[in-house]
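The values are calculated or read from the model by the stated rules, or taken from the named source; none is laboratory data. Worth saying up front: this structure is predicted, and the values here are computed from it rather than measured. Virtual Cβ from ideal backbone geometry, glycine too; neighbours counted across all protein chains shown. In case anyone asks, the SASA skips ligands and DNA or RNA and just uses the protein heavy atoms, side chains included. Shrake-Rupley method; radii C 1.70, N 1.55, O 1.52, S 1.80 Å.
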Amino acid sequence: MKQRILQFFHALTARLRERDHAFVRRFLSEKERALFYAMDVIDQRHAVHTAYTALQLARTEDGIDENFLVRIALLHDVGRVQGDLGLWGKVGVVLLHRFLPQVSRRFAALSRDGAFGFWRHALYVYDHHAEIGSEKLRLLGCGKEAAVIRLHHSPPASSDAAELRLLRQADSMN
């Protein structure tokens, strides 16, 4: 929970500096950047910091494709776009998942219609953003990235690529 509180305070002041934008331009194509910049600035900042952390972690291991690792770190949350959650939506969803996990999963819905439509959609996106983002990347022709991103919230497996393992670790630290 301490990590979540820290994330909240980072989200209150979330912004990208010019060096962060340059970092994104260095690793992502124009179409990939469109997906990245469609995310809320809170998620953009999280993705950039996840990429920086992943690079630091990768330097302690051999055989890591650092370019691929940075790309998946920058793109791992593109299944969430601006307006899906926002700061208070994410706070509410995290709290519901923490204290009422069965209710939150049953209440989730893709549609924004009806009573509590925003919250139902926010819960759905929170639960399924890995699959949503993976499909967006697949449609762009980023099959390798899509395959890894689809799994980034799945339980670890012995067959996981080292880059996926490092992504999960960096994501949990940010």
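What do you get for the angle between helix 66-75 and the principal long axis of the chain? Use alpha-carbon atoms, 0 to 90 degrees, nearest ten.
Relative to the chain, helix 66-75 is tipped by roughly 20 degrees.
Tell me, what is the per residue accessible area of region 10-162 in Å², probe radius 1.4 Å?
53 Å²
Packing-wise, with mean Cβ within 10 Å as the measure, how do 64-72, 88-96 rank, highest first?
For the peptides 64-72, 88-96, the packing ranking is 64-72, 88-96.
Along its three principal axes, how long is region 41-141 when you only count alpha carbons? Whole Å, largest extent first please.
Extents along the principal axes, in whole Å: 50, 31, 24.
For the chain, take the longest principal axis of its alpha carbons; what is the angle in degrees between that and the long axis of helix 18-27, to the nearest 10 within 0 to 90?
70 degrees
Which whole-angstrom value gives the distance between the alpha carbon centres of region 36-53 and region 104-154?
Each part's Cα centre sits 17 Å from the other's.
Find, to one decimal place in angstroms, the Kirkwood hydrodynamic radius of the chain, where the mean of 1/r is taken over every pair of different Cα atoms and then inverted.
Kirkwood hydrodynamic radius for the chain: 16.5 Å.
Pop out the carbon and sulfur fraction of the accessible area of region 48-165 as a percent, whole number, probe 1.4 Å.
Taking all protein chains in place, region 48-165 shows 57 percent carbon and sulfur surface.
Please compute the alpha carbon radius of gyration of region 103-174, then divide it by the globular-protein estimate 2.2 N^0.38 Å. Two decimals is fine.
Ratio of Rg to 2.2 N^0.38 Å for region 103-174: 1.29.
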